[in-house]
Every structure is written in structure tokens, then in C-alpha cells.
1. Could you tell me the distance between the Cα centroids of the stretch 292-346 and the stretch 404-437, to the nearest Å?
2. Please compare each pair in Lys325/Lys523; Lys229/Lys523; Lys320/Lys386 to a cut-off of 26 Å on the Cα-Cα distance and tell me which ones are over it.
3. May I ask you to evaluate 6.51 cos²θ - 1.76 cosθ + 1.60, the Karplus curve with θ = phi - 60°, for each residue of the stretch 141-155 and list the ³J(HN,Hα) values in order in whole Hz, giving x for glycine and proline?
4. Cα centroids of the stretch 225-271 and the stretch 450-479: how far apart, whole angstrom?
5. Less than 11 Å Cβ to Cβ from Ala401, Lys/Arg counted +1 and Asp/Glu -1: what total charge do the surrounding residues give?
6. With both bridge residues required to lie in the chain, what share of the DSSP beta bridges run antiparallel, to the nearest 5%?
7. Relative contact order of the chain: what whole-number percent is it, with Cα pairs under 8 angstrom and at least 6 residues apart?
8. Note down the net charge around Arg472, summing +1 for each Lys or Arg and -1 for each Asp or Glu among other residues with Cβ under 13 Å from its Cβ.
Amino acid sequence: MASSQHPDLPVSPLSRRAFLGAAGATAAVTSLSWTPAFRVSPAEASTPAPPNFPSGISVYQQAWTNWSGEIVLSPQWTCAPASPADVVTLANWAHGQGWRIRARGMGHGWSPLLEPTGASGDILMVDTTQHLTAVTVNSGSPASVTAQTGVTMVTLLTDLENAGYGLTNTPAPGDLSLGGVLAIDGHGTSVPASGETRLAGHTYGSVSNLVTSLTAVVWDSSQGAYVLKTFQRGDPDIGAFLVHLGRAFVTEATLRVGANVRMRCQSSYTTNVGTLFAPPASAGSNSFAALLNQSGRVETIWFPFTTVPWLKVWSVSPGKPFFSKEVDSPFNYSFSDSVSTQESQYISDIVSGNVSVTPTFENLEMSIVGSGLIVTGTWDIWGWAKNTQLYVRPTTLQVTANGYAILCARSDVQRVVSDFYTYLNNALNSYQARGQFPMNGPWEVRATGLDNPADCGVPGAVQPLLSAVRPRPDQPAWDTAVWMDVLTIPGTPQSQQFYRETEQWVLSTYTGSYAAVRPEWSKGWGYSGTAGWADPTILGSTIPAAYRAGQPSGADWDAALAILDRYDPARIYSNTFLDGFLP
């Protein structure tokens, strides 16, 4: 229930012959979750191979298919470096030849940070997931893990678990590369529960906040070449690399880690949505904020036109509760791992314009959750942290999503979610009265802490400059980020207009001393009304202002861009979207 697609890409079958024939044509390319379709060698390709390509590194054209089954022609030249030294070689080759290289992980994202739609030209995709996957757990006190950035999160967390360590905050999909997670400040859902003390080596902020050092391939002006450089967390320049949005090539990172914990995750679907998101004045013990205070770890998935959401509440539980089901592996909600024939028919109806089935479809989705929890016995599971934290597979329902982090005081969390619920419910009712249904996926809500650099245990640690959960020094009471995503099936009529209206409401509501808005980098934002990541005011003014507000001079949006430019003046780590967004 948390995958992605561009809303306007058509489904088109792709054969090897079609790929070869279309290699010279403009391709529809999005930064989604890609899986290899097949490879084409330089001898078979219909376009010239990259000139003077380094010997010893194989290059090929790669067709890719995303997880939705939408096949996207991607006649991109691709290679898979065997080592960080190979990345250095590739960077210097690209600089000399006027090419660009894009560090590709699992590509599990919505926004065009990897490549925008229609990408073409002298672009080399560098697949980090084939060989740059080494992991070394450094036991002791303090403990850490050193990992190359192509390793997946499920592999990294498994290696940590085997050594007795884990993370408090991690994204729900396991098929994410570490490099991708760090590039966009990947997060989970956790804040300290009432009376809870943070464990050493853990953070309630983003995964990027755990980094103690990282190694990137950067330009060295004294050598006139790209080289490997290791940045320590106390180095001011590391702030731009901790969340770099695709404007750097990080090959390895060392993260602080702490002792693993056993977690209990209780799922329910009996709390009325109006109770969960009640106004603060009438909110009771089953409100979102109350549950957050009780356990510190809450996620809600509400399908519009239903009365109860899928509510997940995690709690630290050293011993197995009597009625809990012990799990020794992740991805335990098998009912959400695939799409049934009935669901597929409704999706087809919606995309073809028969949106009147939307309420029925939403109720079907919620009924699948309810019955699925019962049939699989997963309404109350217990195990090591990752086995309850990871639950999204690539085969889950295909949706597109917007995403925002709302920074606020913990005492205002209920107000934040109640305000949004009221807006969303009213907006959808208004659309329904006109016979329109722009949203047919769930509204998802999570909450995390902010990136307190002291959590990594490095004296003088630098904040991630472009993290959505970077603290605001001028707002010391803001200690929480409420993450909210609105999901819908790609191609849904009126969805782009609805996304723009929602974004404008968010930006005009969470302001002043109440709250502030930052985009969730991997999701959708910058809506023009016809496309995401396309509104010039939001891209050129609103978002940069959000990263300047309250920050010291020399450590804000402009400083981050200047650092990234200094270490990549030729912009070999960029694309046409980033050229405009991060000039």
C-alpha cells in the first residue's frame, strides 16, 4: 500500500525487439522501482556506445520494468561498478567526455531525483546494487555499521539483527538501497513514548542522522580530478551529503547503531476515524496523539468513504505478550502483497473514467485488511524490531502519492492531524457532490522526532542541511514531524488538480508559530495542477524558503547547494530536473 507510479504513464508491453528498435527514440523514464527486463550489449545496440569507455567495466543498455507492470522504455547505458575505485574511474571518464552519471539503487521513489520523465542524452546509469553491497558490523561501545550504499535495507537490518543491533526508525519497504535512503532522509515512525528514554545508538529522526562518516566521489581541485573523500560527521561540509537529493555519489557510510529490541505491533480496525482524528478539545484516549503518547509508534492508514482506519501501534516489549504471534521474518501482512482480480477490475474502471465505483473500491480495500489480519493471525505480532517494521513489498497495490513533513510541537500533533482530516473529508465530499473522486487510495499518517545530531554520538556533529526533519533553531518547541501522504491510483481523473489544491491548503495552514511544511523528498510535491514537481513558485521559492527559515547563515539551503556544487562543479551528478531545482 505504499508503492508508486507516475499518474500519466501508459502501460505498454516491451519486447527485446521493440527495445532495440526504439533505442534511439525518446523514452518515458521515471525514478520508480526498477527491475531489469534484459540487457543489450554495445554490439547489439542501435545507438553508439559511450565513447572511450573505461576498460574493465562492462557497459550495456538496460531495459527496466517498474513494479506496477508499466513497462518503461529506458534505453540508458548502464554499468555496475565492482568497487568504489571503479566509481572514481567512471566519474573522471564522465567529466572528460561530458557525460552525466546517476547513482541508481533500487529506485523506490516517486520524485524525479534519479531521472525525470523523458530523460535522454549522454547519461550513464550506475547500478550500485550489484556489487557495492559490503557490510561490516563494528561491535563494541559505541557500536556502528559500515556499509556500501548499494546494500538493501532488509539485508542491512538482517546483518545488524544477527549481531544484536537494530534501528528505531527505518522505512517500511525493505527493497530500498542504503544510498537511496540516505539521499532522501528515509524515516520510519517513532517518537519517545511518555517516560521513554532514547537508547544509545538510536535516533527518533531520519536514518541520515545516524551517519558518523561517509565516503563520496568528489572533485578535488588540487588534483584536477574526482577522488574518494571521507567526511567525518564533525566536518561542516558533510551536512550537504547526509541528504543530497541525487547531487552526489556516496559509496559508503558508517552509521551509529544501538542494541536491538523486541517490538510488538498491534493492528486494529475498530477505532472510528472521527475519534482518532478528533479536534484537540474533544480528543480522548483513542486519539492519535494519545496513542502516540502511550507507545511512541503509531501509523494510520485510512481509506476514504470508510469509517475505521487500519491502525498500527508498536511498543517496545522485551518479553512476548501471551496473545501475540511471534514472527521471525518481516513482511507479515501477506494480504497486502498482491492485487486481486476484483481489485484490478475496479482499478481498470477508475482509470477508464468510471470513478463512481470509488467508495465501493475503498470499502473493499478496508475489508481486505480486516479479513486479512484475521486469516493471517497478524493483528498482534511480536519479534525483533525489523520483523515488525518492514511490511511493504514491491508487489503491493500500485499508487502514486504526495508527501509532506509537518514540523510542530508534540503538544500540537492532534491539532495537525485533526485539521488535515477535516480538510480532506470536506474536500472529498465536495468532489463527490460533483460526481468526482480524485482520491482512491489511503491517507497515511506517521510521526517521528527531528534530527538531533547529538544522537549519533559524535562531538560537534553537523545537522543534515536538507533533511525534512532538520530542527528549526527559532522554534525550539518544535520537536515532532507528522508525515502525511495522500495516495491514489495513477491516472485517476482530477487527481492532479486535487493534489495541487491539497498542497496549497497545507502550505497556507501549517504556518507561523503553529507549524511548518517541508516536502517528503521521495514523494510528490510542487503540483502545478497538471503535473507534480512542476510548479515554478514552489520549486524556486517556497521550498528553498522552508530550508532557509530559522537557520543560521552559512548552514542553510544556499550553503548546501554551494557545497554540492563545489564538490561537483561539472554537475556530472545531476539531471535536467535537478538543474532547475538545485541550480
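1. Cα centroid of the stretch 292-346 versus Cα centroid of the stretch 404-437: 22 Å apart.
2. Violating the 26 Å Cα-Cα cut-off are Lys325/Lys523; Lys229/Lys523.
3. 9, x, 8, 8, 9, 10, 9, 6, 7, x, 5, 7, 5, 5, 5
4. Centre-to-centre (Cα) distance: 13 Å.
5. -2
6. Percentage antiparallel, nearest 5: 85.
7. 17 percent
8. Surrounding charge for Arg472 is -1.
The values are calculated or read from the model by the stated rules, or taken from the named source; none is laboratory data. Quick caveat, the model's predicted, so the values are computed rather than measured. A quick note on method: Cβ atoms are made from the backbone with ideal geometry, for glycine too, and the neighbour counts reach across all protein chains shown. Surface areas here come from the heavy atoms of the whole protein model, side chains and all, with no ligands, DNA or RNA. Shrake-Rupley method; radii C 1.70, N 1.55, O 1.52, S 1.80 Å.
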